[in-house]
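The next block holds one structure in the form of structure tokens; read it before the comments.
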């Protein structure tokens with residue numbers, strides 16, 4: 001008889017645990033369904049799994065800092081610093097091509113005139129200051145890159161002397 005009573009208590013506890021699990025599951029389903037009704041909000045899911053919701057009426061714009069991006073990502077994203085490292089084939093503004101090499105350590109080399117310089121990553125662009133006083137910027141416009149040339153005495157905010165195509169020749173550049 002004692003074993004029958006224990007078995008009955010065990011059965012009741014098992015049934016109660018199952019009922020509690022079902023109740024918890026239904027609560028999660030209801031909460032998830034309620035969260036789908038929150039139109040006009042954006043939910044950010046962080047790498048550690050926690051979520052944060054924001055009302056779209058409170059957001060002026062969404063900006064993505066220069067992080068790594070994949071080839072399949074939106075082609076209009078701001079490129080990361082690593083995307084500029086490598087050997088770039090650039091137009092000279094007169095129909096000819098030359099090369100600009102941007103190294104990881106910030107050094108640069110231009111094949112026209114065999115000129116060295118330094119480059120910095122500024123607001124999603126590569127800004128190169130050459131030892132001869134001229135400047136070049138490599139900028140992304142839509143899915144393409146362009147080289148903007150500035151003569152000595154000009155700044156990167158002045159009108160460029162010429163604008164031409166630019167293409168990183170490194171296969172699978174970051």
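Residues of segment 45-53 include at least one that is at pLDDT 75 or above and surrounded by 10 or more Cβ atoms within 10 Å (Cβ to Cβ).
Residue-level check: of (1) surrounded by fewer than 17 Cβ atoms within 10 Å (Cβ to Cβ); (2) out of contact with any helix residue (DSSP H, G or I) (no Cβ under 7 Å at 6 or more places or on another chain); (3) at pLDDT 95 or above, residue 98 misses just (2). When the residues of segment 136-174 are filtered to those that are in contact with a helix residue (DSSP H, G or I) (Cβ under 7 Å, 6 or more places away or on another chain) and over 20 Å from residue 94 (Cβ atoms), the one that is modelled with the lowest pLDDT is 174.
Selection of segment 130-157 for residues being on the phi < 0 side of the Ramachandran plot, assigned to a loop (DSSP other than H, G, I, E, B) and under 19 Å from the mean Cα position of the chain (by Cα) yields only 143. The listed residues are 82, 113, and the only one of them that is modelled with pLDDT under 95, farther than 30 Å from residue 42 by Cα and part of a helix (DSSP H, G or I) turns out to be 113. Pairs are defined by a Cβ separation below 7 Å, a sequence spacing of at least 6 or placement on different chains, a first member in segment 93-114 that is touching a residue at least 40 places away in the same chain (Cβ under 8 Å) and on the phi > 0 side of the Ramachandran plot, and a second member that is assigned to a strand (DSSP E or B) and surrounded by 10 or more Cβ atoms within 10 Å (Cβ to Cβ); the pairs so defined are 93/149; 93/162; 93/164. All of 105, 132 fail the test of being surrounded by fewer than 18 Cβ atoms within 10 Å (Cβ to Cβ), touching a helix residue (DSSP H, G or I) at 6+ places or on another chain (Cβ under 8 Å) and at pLDDT 95 or above, apart from 132.
The values are calculated or read from the model by the stated rules, or taken from the named source; none is laboratory data. The structure presented is a predicted model; accordingly, all values stated were derived computationally and were not measured. We place every Cβ from the backbone using ideal geometry, glycine too, and count neighbours over all the protein chains shown.
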